[in-house]
Amino acid sequence: MPAGFGRLWTAQTVSSLGDGVTHAALPLIALTLTRDPMALAVVTAAGTLPWLLFGVLGGALVDRWDRRHTMWVADAARAALLAIPAAAAVLGMLSIPLLAAVAFLLGLGGLFFDTAATAYLPDLLHRDPALLERANSRLRGAQTAMSGFAGPPAGSALLALGRSVPLLADAVSYALSALLVRTLPTVPRPATEARESLLRQARAGASYVFRDRLLLGLALRPAVGNIAFLAVETVLALFARERLGISTFGFGLLLTAEATGGLLGAGIASFLGRRLGTGTALTCTAAAEGLAILGLAAAPNPYLAGLALAVCGAGMGATMVLGPSLRQAIVPAHLMGRVASTSRMLAMCAAPLGAFLGGWLATAYDVRTPLYAAAGLLLTMTAITATMTGNRRVEAALRAAAPVSGPDHPEPAEPARQSAPDVL
């Protein structure tokens, strides 16, 4: 791995820890201001709105800008932004509208940082499929560990010291990340396109995804998956209490089982890709998610429910390594930001549909029904996208995206490329 990847990994690990702190602390801070569920929902939803409103346009801007510069500016801006609610907390001026505005702007900064980082990584790693899988496995594992395990309890503990403390801690994490990102090596910028309007460039990026069956299949998996997973998440606490008799503490352990599975899945993703082929591995992980949710719905006790969630988390963790790695290896550099943001926007737009579906099914029928519906949705999606992301199609796309060897286009002399598996 290039030396620059270590700095990028460290920056994203530190930032993910801060994200986990804020993810736990922000709703709790809002809870000190109001008990109105709708007001609390506004703060939570505000962070996702930038993806819904500006996802594709943000990707078009990232494709115009220097990606390393975009990353460190986004993190520096988020660090400065968090100083505002921290100061307001000290002065007793915090309010729900202020927290909602901060959540929205943090989400906007995350849109630009995540899209730029996704586009920067393949250039840093010379678009090598094996290196991309390895890198995304490490990035995904660190993100899960920091934002899923370490960050939330740290956020709750820091909040006990004062409402401004977790916000300042997250600001420090963003500042450190910005400093690290500024030291990353520069990579060649994509060839500039003919000057077009931003809207037309955004439309071209979205069209590129919908016209390519492989990219469309890769985008459909998280989009349909989010509908299913949000349907489950909406009723999971109620299901755990009413059907499994799990306490509040036990529910936390249940979620930890899912996060543990996610770490395992991220760790074995490259192995699955080598043994099964990336296309078959993606189909198997998607099927595992659907079967695991089916097992969760039928689980007679908390132990089997925890095992089912761990298997589901493992499938999700592996999918979120294999899918983005493949996309980064085959998408042209000048379109990478738009393609990544289009795929992410589809997934984000699908999430509210899943939450509504889960609530409606639980109200109209019972608390198990959303789980059975989610399992059916996941397994149907697996069957539909299996041919769209099959090994043969993946191999053809990787061959088409491979650099041309020759005196004018020397192939990078990367050991990892020589040892890449046949399917890749």
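The values are calculated or read from the model by the stated rules, or taken from the named source; none is laboratory data. Here the structure is a predicted model, which is why all the values come from computation and not from measurement. No Cβ is skipped: glycine too gets one built from the backbone with ideal geometry, and neighbour counts run over all protein chains shown. SASA here: full protein model, heavy atoms, side chains in, ligands and nucleic acids out. Shrake-Rupley method; radii C 1.70, N 1.55, O 1.52, S 1.80 Å.
Under the Kirkwood approximation applied to all pairs of distinct alpha-carbon atoms, what is the hydrodynamic radius of the range 41-122 in Å?
Evaluated over the range 41-122, this radius sits at 13.4 Å.
Tell me the carbon and sulfur percent of the accessible area for the range 310-371, rounded to whole percent, probe radius 1.4 Å.
74
State, to one decimal in nm, how far the label point of Leu49 lies from the label point of Ile384, with both points 7 Å from Cα in the Cβ direction.
Label at Leu49, label at Ile384, 3.0 nm between them.
Might you tell me the accessible area per residue for the range 53-102, computed with a 1.4 Å probe and given in Å²?
On the way: 2030 Å² over 50 residues.
The answer is 41 Å² per residue.
Let me understand the chain better: what is its radius of gyration from the alpha carbons, and its Dmax, in angstrom?
When restricted to the Cα atoms of the chain, Rg and Dmax are 21.3, 68 Å.
For Trp360, Trp9, what's the largest-to-smallest order of accessible area, 1.4 Å probe?
Trp360, Trp9
Could you please put Met348, Met93 in sequence from largest to smallest accessible area, using a 1.4 Å probe? If you can, show how the numbers build up before the last one.
Details: Met348 40, Met93 125 Å².
Sorted by accessible area, descending: Met93, Met348.
Considering the dipole of the range 1-133 built from charges on the beta carbon (Lys and Arg +1, Asp and Glu -1) around the Cα centre, which of Leu125, Ala76, Phe5 is farthest to its positive end?
It is Ala76, whose Cα lies furthest towards the positive end.
Modelled label-to-label distance, Leu238 and Ala39, 7 Å Cα→beta-carbon offset: nm?
Once both label points are built, they end up 2.4 nm from each other.
Enter the per residue convex hull volume of the range 160-297, computed from alpha-carbon coordinates, in Å³ rounded to the nearest integer.
Residue-normalised Cα hull volume stands at 234 Å³.
Residue farthest toward the positive end of the dipole of the range 32-180, with Cβ of Lys/Arg at +1 and Asp/Glu at -1: which of Leu180, Ala101, Leu158?
Leu158
Can you tell me, using C-alpha contacts under 8 Å and at least 6 residues apart, the relative contact order of the range 278-358 as a whole percent?
Relative contact order here is 28 percent.
Once you list every other residue whose beta carbon is under 15 Å from the beta carbon of Thr13, what net charge do they have if Lys and Arg are +1 and Asp and Glu are -1?
Counting the neighbours of Thr13, the net charge comes to -1.
Please report the projected area of the range 129-187's Cα convex hull averaged over all directions, in nm².
Values: hull surface 20.1 nm².
Projected over every direction and averaged, the Cα hull of the range 129-187 covers 5.0 nm².
Taking all pairs of distinct Cα atoms, average 1/r, flip it, and tell me the Kirkwood hydrodynamic radius of the range 8-56 in Å to one decimal place.
12.5
Suppose every Lys and Arg Cβ carries +1 and every Asp and Glu Cβ carries -1, with no other charges. What dipole size does the range 225-349 come out with about its Cα centre, to the nearest 20 debye?
340
So with the 1.4 Å probe, I'd like the accessible area per residue for the range 246-347, rounded to whole Å². Each step should come with its number before you reach the end.
Details: 3570 Å² over 102 residues.
Value for the range 246-347: 35 Å² per residue.
Calculate how large, on average over all directions, the projected area of the Cα convex hull of the range 78-168 is; give the answer in nm² to one decimal. All intermediate terms of the calculation are to be shown ahead of the outcome.
Working: hull surface 27.0 nm².
Average projection, Cα convex hull of the range 78-168: 6.8 nm².
Report Rg(Cα)/(2.2 N^0.38 Å) for the range 265-343, keeping two decimals.
On the way: Rg = 15.0 Å, N = 79, 2.2 N^0.38 = 11.6 Å.
Relative to the 2.2 N^0.38 Å estimate, the range 265-343 comes out at 1.30.
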